[in-house]
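Single-structure report; data block below.
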Amino acid sequence: MENFTILHTFFNSIDAHNAKNHLDSCGIFTQIMGDINATTYNVFTQANGGIQLLVHKDDYEKAIELLNLSV
């Protein structure tokens with residue numbers, strides 16, 4: 001996991017998985033952290049730091065561009 005960095009934090013599972021699926025379809029491997037807690041304990045999603053979408057450090061810039069995120 002040391003080669004991965006947080007791309008974006010989401011506060012609902014649907015948005016996180018939509019972003020993950022889009023990046024995966026573009027050939028960028030992603031991982032989601034915190035989804036189990038968010039779906040099980042929805043009330044605590046923000047308190048637990050949200051759902052984190054992780055990408056490999058080498059793919060970070062391209063992933064930002066593909067998702068049109070401002071950092």
> In this structure, does Leu23 turn out to be surrounded by 17 or more Cβ atoms within 10 Å (Cβ to Cβ), touching a Phe, Trp or Tyr at 6+ places or on another chain (Cβ under 7 Å), among the hydrophobic types (A, V, I, L, M, F, W, C) and modelled with pLDDT of 95 or more?
Replying inline: no
> Can you tell me which residues in region 1-17 are at pLDDT 95 or above and either in contact with a Phe, Trp or Tyr (Cβ under 7 Å, 6 or more places away or on another chain) or more than 17 Å from Glu61 (Cα to Cα) (or both)?
Replying inline: Thr5, Leu7
>> Can you say whether Glu65 is at pLDDT 85 or above, exposed (fewer than 12 other Cβ atoms within 10 Å of the Cβ) and within 17 Å of Asn3 (Cβ to Cβ), as far as the supplied structure shows?
In response: no
>> I'm trying to understand the selection: among the residues of region 26-56, which are modelled with pLDDT of 80 or more and under 10 Å from Ser13 (Cβ atoms)?
In response: Ile32, Gly34, Ile51
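The values are calculated or read from the model by the stated rules, or taken from the named source; none is laboratory data. Quick caveat, the model's predicted, so the values are computed rather than measured. For neighbour counting, all protein chains shown are included, and Cβ atoms are generated from backbone atoms with ideal geometry for every residue, glycine included.
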